[in-house]
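The next block holds one structure in the form of structure tokens; read it before the comments.
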Amino acid sequence: MRAPLITITCDCGAAAEVAYGDRWSCEACGKTWDTAQIPASEYDVLVRGVSRYRLLALGPPLLLAAILIPLAVLSGLQYALLLFVLVMAWGLLVIPQLRRRASTHIRTSTKSWKLRPE
């Protein structure tokens, strides 16, 4: 799983998305920004929240597929139709609420970091 990128906005207005621990040099003014200034514990909270959301979004449909695809092959295609209906219901009814709740949680649990140019 790829860790979320950090958006750095330079004093001159240029912006870039950088991985945690990397450095970025602004092409406009030449300032260098280091994301290692962000405390690892605070960044880990962000990573855990994102990975939890991905698990909650993909886990139940994959579990249903692991159960219902063999049933569809062995017993009948009605299980494939059931899988389709359940996965669509999950995507249309549950995922938007999960996304809203996860976004709110990440916004409240993480803060905006003030990095200093080197």
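In table form, for the structure just shown:
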{"quantity": "Filter pass, A66 being open to solvent by less than 50 Å² (accessible area, probe 1.4 Å) and not β-branched (V, I, T)", "calculated": "no"}
{"quantity": "Which numbered condition K31 fails, given (1) open to solvent by less than 60 Å² (accessible area, probe 1.4 Å); (2) touching a residue at least 12 places away in the same chain (Cβ under 8 Å); (3) over 19 Å from H105 (Cβ atoms)", "calculated": "(1)"}
{"quantity": "Number of the exception - P117 against (1) in contact with a strand residue (DSSP E or B) (Cβ under 7 Å, 6 or more places away or on another chain); (2) modelled with pLDDT of 95 or more", "calculated": "(2)"}
{"quantity": "Contacts under 8 angstrom Cβ, first residue in the stretch 40-54 being on the phi < 0 side of the Ramachandran plot, partner open to solvent by 50 Å² or more (accessible area, probe 1.4 Å) and assigned to a helix (DSSP H, G or I), 6 or more apart", "calculated": "V45/S109; L46/S109; G49/H105; G49/S109; Y53/R99"}
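Matching residues to (1) within 30 Å of Y20 (Cβ to Cβ); (2) aliphatic (A, V, I, L, M):
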{"residue": "V47", "(1), (2)": "yes, yes"}
{"residue": "V50", "(1), (2)": "yes, yes"}
{"residue": "L64", "(1), (2)": "no, yes"}
{"residue": "I69", "(1), (2)": "no, yes"}
{"residue": "Q78", "(1), (2)": "no, no"}
{"residue": "L81", "(1), (2)": "no, yes"}
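The rows are residues; the columns are (1) surrounded by fewer than 11 Cβ atoms within 10 Å (Cβ to Cβ); (2) farther than 25 Å from P4 by Cα.
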site	(1), (2)
P61	no, no
V73	no, yes
L81	no, yes
T108	yes, no
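The values are calculated or read from the model by the stated rules, or taken from the named source; none is laboratory data. Because the structure is predicted, anything quoted here is derived from the model rather than measured. Virtual Cβ from ideal backbone geometry, glycine too; neighbours counted across all protein chains shown. Surface areas here come from the heavy atoms of the whole protein model, side chains and all, with no ligands, DNA or RNA. Shrake-Rupley method; radii C 1.70, N 1.55, O 1.52, S 1.80 Å.
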